[in-house]
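Structure first, commentary second.
Taken together, the values in this text are just the output of simple stated rules run on the coordinates, not laboratory data. Quick caveat, the model's predicted, so the values are computed rather than measured. Glycine also receives a Cβ, built like all others from the backbone with ideal geometry; neighbour counts cover every protein chain displayed.
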Amino acid sequence: MDGNGRWANERGLPRIEGHRRGAEAVKRTLKAVQDNGVKIITLYAFSVENWNRPKKEVDALMKLLERFLADQLPVLIKRKIRLRVIGRYQELPERVQDRLRKAEAATKDFTTHTLALALNYGARTEVVDAVKAIAKAAQAGDIDLNALDYDGFRPYLYTSDLPDPDLVIRTSGESRLSNFLLLQAAYAELYITPVLWPDFDETHFKAALADYASRERRYGKTAEQLQAT
């Protein structure tokens with residue numbers, strides 16, 4: 001969800017105002033997701049690298065996240081959307097952690113729609129944490145490393161109960177994954193739009209879905225092989 005700061009700078013506004021408008025775009029997008037039949041969406045809300053931003057901005061982001069969770073929990077419950085957090089969110093401020101735990105507990109029984117929030121998330125960090133967990137399991141004799149494959153590796157990722165993404169949308173024209181779901185997105189389709197996140201709406205979301213629908217997903221096979229099946 002990139003472009004909040006640039007959106008604010010272009011209008012001579014404080015960066016936090018861009019983040020506030022970005023939060024409004026999240027609300028629009030959640031509605032668009034449900035209205036267009038998408039069951040699971042993952043939002044990259046705060047990366048492990050974002051701690052390097054000015055402390056004032058980080059503190060404002062945490063307060064904005066806390067307020068967003070408080071305001072949106074009734075909406076998630078009403079729409080029967082499960083909240084799932086991925087990342088090292090135990091390192092976030094305690095008040096934010098408390099909001100997250102309450103939201104996850106209140107929505108845990110919803111099975112049709114899921115909002116995954118990537119908070120204090122980084123794909124490289126995720127892999128390191130997974131390797132550490134696998135090493136402990138191997139020492140305990142719970143797994144055979146010689147038999148380990150990706151299917152055996154997946155349960156140790158933060159996204160163990162989530163499917164791999166089909167589509168990754170990158171706003172603001174940036175052409176990189178920025179440490180986001182690097183393993184899970186190995187076969188995802190990428191959609192890059194110049195639209196800054198605060199301006200993103202259902203029209204842009206539907207454009208991304210339409211572009212995705214036009215792709216041919218081969219997973220290493222040839223087009224002829226797909227046609228034969």
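Structure data summary
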| item | result |
| --- | --- |
| For region 66-135: Kirkwood Rh in Å [reciprocal of mean 1/r, alpha carbons] | 13.0 Å |
| FRET efficiency, 1/(1 + (r/R0)^6) with R0 30 Å, evaluated for residue 160 and residue 139 via beta carbons | 0.90 |
| Extension gain (nm, one decimal) between residue 55 and residue 216, 0.36 nm per residue minus Cα-Cα | 53.5 nm |
| Model label zone, residue 148; criterion: amide N under 15 Å from point 7 Å along Cα-to-beta-carbon; scope region 92-128 | 126-128 |
| Ordering of 188-200, 84-96 by packing [mean C-beta count within 10 Å, highest first] | 188-200, 84-96 |
| With 5 Å bins from 0: P(r) over the chain, alpha-carbon pairs, percent | 1, 6, 12, 16, 18, 18, 13, 7, 5, 2, 1, 0 |
| Peptide ranges 37-50, 204-217 listed from the most packed, as the mean C-beta count within 10 angstrom indicates | 37-50, 204-217 |
| Full-stretch length increase - residue 105, residue 203 - with 0.36 nm per residue and alpha-carbon distance subtracted | 32.0 nm |
